[in-house]
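S.K.: Structure incoming, see below.
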Amino acid sequence: MQYRRKETVEAIQWNGSNQAEIKAMAGQFAMFDYADTNHDGKTFDAVLKVKTSEKIIPAQIGDYVVRGEKGDFFISQKTAFEALYEPL
């Protein structure tokens, strides 16, 4: 038998600079830290962490922040998300 995922979710792909868009959707469940990734003391990149029902999970650039049907938030890797969901 074949199965299709029934749920409709809202999601935004994290690109490393769309903090406002992520925060508008996820509110208090989205947290940002800033890391000196170049180790030069001048360049700070945003690091996104999402509070799920179980724990706080860091997101990688390209991951999707997803709000499920019940209002829960989770992170989905790009390949997994795009294999499960298609835009409406």
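S.K.: Roughly how big is the chain's charge dipole about its Cα centre, with Cβ charges of +1 (Lys, Arg) and -1 (Asp, Glu), in debye to the nearest 20?
M.R.: My answer is approximately 280 debye.
S.K.: State, to one decimal in nm, how far the label point of K78 lies from the label point of I61, with both points 7 Å from Cα in the Cβ direction.
M.R.: 1.0 nm
S.K.: Continuing with the same structure: For the chain, what log10 I(q)/I(0) values come out of the Debye formula at q = 0.22, 0.26 1/Å, with one point per alpha carbon and no solvent?
M.R.: Result of the Debye calculation: -1.08, -1.38.
S.K.: Hey, rough spin-label estimate for R5 and S53, points 7 angstrom out along Cα→Cβ, what's it come to in nanometres?
M.R.: 1.6 nm
Only the coordinates and a few stated rules stand behind these numbers; no lab work does. Note that the coordinates shown come from a computational prediction; the quantities given were computed from them, not determined experimentally. Cβ coordinates were reconstructed from backbone atoms using ideal geometry, including for glycine residues, and neighbour counts include every protein chain displayed.
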